[in-house]
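Right, one structure below, let's go through it.
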Amino acid sequence: MAIGYCQIELHLPDHHSLKEKRGVLRSIIARLRQEFNVSVAELDHQDLWQSACLGVVSIANETSRLHHLLEKVVHWLEQNRPDVEVTGYQIEIL
């Protein structure tokens, strides 16, 4: 059994309040959970309007499968959410 963790740094350039940011993040988190069956949480930058840090976690039997899944999550964000810019991400497999 392996545990995969991905930390994704986001920039939200078109949002000008914490309320807007929370609405967008709530939508992203719900969609990632539904689409990929992963656990997602906001980790950092809760008080900044245009920055966010998401943590995505999943468990699988194979490390390669986990890595591929987490890469798909990042690519999905880049392709399907033009209002959000992925500024960086880091994947760790335990």
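The values are calculated or read from the model by the stated rules, or taken from the named source; none is laboratory data. All values derive from a computational prediction rather than experimental measurement. Every residue, glycine as well, gets a Cβ built from its backbone with ideal geometry; the counts of neighbours run over all protein chains shown. These area figures cover heavy atoms from the full protein model, side chains too; ligands, DNA and RNA do not enter into them. Shrake-Rupley method; radii C 1.70, N 1.55, O 1.52, S 1.80 Å.
Quick notes
- Filtering L10, L43 for residues that are of a type outside the set (V, I, T) and within 16 Å of E78 (Cβ to Cβ) leaves a single hit, L10.
- The range 82-91 - residue that is in contact (Cβ under 8 Å) with a residue 60 or more places away in the chain and either in contact with a helix residue (DSSP H, G or I) (Cβ under 9 Å, 6 or more places away or on another chain) or part of a loop (DSSP other than H, G, I, E, B) (or both) and, of those, farthest from H16 (Cα to Cα): I91
- Subset of the range 22-40 (residues that are touching a residue at least 12 places away in the same chain (Cβ under 8 Å) and touching a strand residue (DSSP E or B) at 6+ places or on another chain (Cβ under 7 Å)): L25, I29, L32, V38, S39, V40
- Number of the exception - H45 against (1) closer than 16 Å to E85 by Cα; (2) open to solvent by 60 Å² or more (accessible area, probe 1.4 Å); (3) without any contact (Cβ under 8 Å) to a residue 24 or more places away in the chain: (2)
- Some residue of the range 64-81 being modelled with pLDDT of 95 or more, among the small types (G, A, S) and assigned to a helix (DSSP H, G or I): no
- Residues of the range 12-42 that turn out to be within 16 Å of P82 (Cα to Cα) and surrounded by 14 or more Cβ atoms within 10 Å (Cβ to Cβ), as a count: 10
- Residues of the range 55-77 that turn out to be surrounded by 13 or more Cβ atoms within 10 Å (Cβ to Cβ) and either among the acidic types (D, E) or within 12 Å of H11 (Cβ to Cβ) (or both), as a count: 2
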